[in-house]
Amino acid sequence: MNKKSFFKENLAGVRAFAFDVDGVFSDSRLILDQDGSLMRSMNIKDGFVIQLAVKKGFPVAIISGGNSEAVRKRFNMLGVKDVFLKSSRKVDDFDGFCNSYGLDPGEVLYMGDDLPDLPVMRKAGFTACPLDAVPEIKSVAAYVSDRKGGRGCVRDVVEQVLRVQGKWMDADSFIL
């Protein structure tokens, strides 16, 4: 079956999420401070939907080639326990994430934007990317968001899953 042809219909089968960071949660611009440390800007609505997905019982993984403790801290604050930084082979961390939760890779939605994400996107059952992803990623993504990285693309795809599964803005969504 062609993954692209039935993306929306198949969202009911998503049991977990995994995401790249740079180019997905942040735009492709990185700001350097005087010490040479990288600073990222992230969309607050993406953060809201991630904490909501965690609250709804979805395992969430962050798999990044970067190595920023600020990234780890941000996602830990949102309830994400599985933050893989300095990932040189993202597919290995993806497999580890799946194994730790007893997930079949076909049950995981992965969102990436650039070439290091390609092996994971070939393995995940549900694939998505931001509007400004590279052509090679767009060609394998089942869904291309109408939003760019750092501009709400995570909110877009997670909200669609929660809506399809009847978990969007139900009674406990507003309890912090």
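The values are calculated or read from the model by the stated rules, or taken from the named source; none is laboratory data. Predicted, not measured: the structure shown is a model, and the values here were computed from it. Glycine gets a Cβ as well: all are built from the backbone with ideal geometry, and neighbour counts include every protein chain shown.
Among the residues of this structure, P59 does not count as one that is buried (at least 17 other Cβ atoms within 10 Å of the Cβ) and in contact with a Lys or Arg (Cβ under 6 Å, 6 or more places away or on another chain). With a requirement of 2 or more residues that are touching a helix residue (DSSP H, G or I) at 6+ places or on another chain (Cβ under 6 Å), the helices (runs of 4 or more DSSP H) lying completely within the range 53-133 that satisfy it span 90-101, 118-123.
Condition first: part of a loop (DSSP other than H, G, I, E, B), over 19 Å from S26 (Cβ atoms), more than 15 Å from the chain's Cα centre (by Cα) and polar (S, T, N, Q). Can you find one or more residues in the range 153-173 that meet it? Checked against the condition, which is being part of a loop (DSSP other than H, G, I, E, B), over 19 Å from S26 (Cβ atoms), more than 15 Å from the chain's Cα centre (by Cα) and polar (S, T, N, Q), the range 153-173 yields at least one hit.
Within the range 66-80, residues that are free of Cβ contacts under 8 Å to residues at least 12 places away in the same chain reach partners that are β-branched (V, I, T) with beta carbons closer than 7 Å, at six or more positions or on different chains, in the pairs N76/V83. The one condition from (1) at pLDDT 95 or above; (2) more than 15 Å from R15 (Cβ to Cβ); (3) small (G, A, S) that A124 does not meet is (2).
Tell me, yes or no, whether the range 86-100 has at least one residue that is of a type in the set (A, V, I, L, M, F, W, C) and surrounded by fewer than 13 Cβ atoms within 10 Å (Cβ to Cβ).
No, the conditions are met nowhere in the range 86-100.
Scanning the range 109-136 for residues being buried (at least 17 other Cβ atoms within 10 Å of the Cβ) and closer than 18 Å to D46 by Cβ gives a total of 14.
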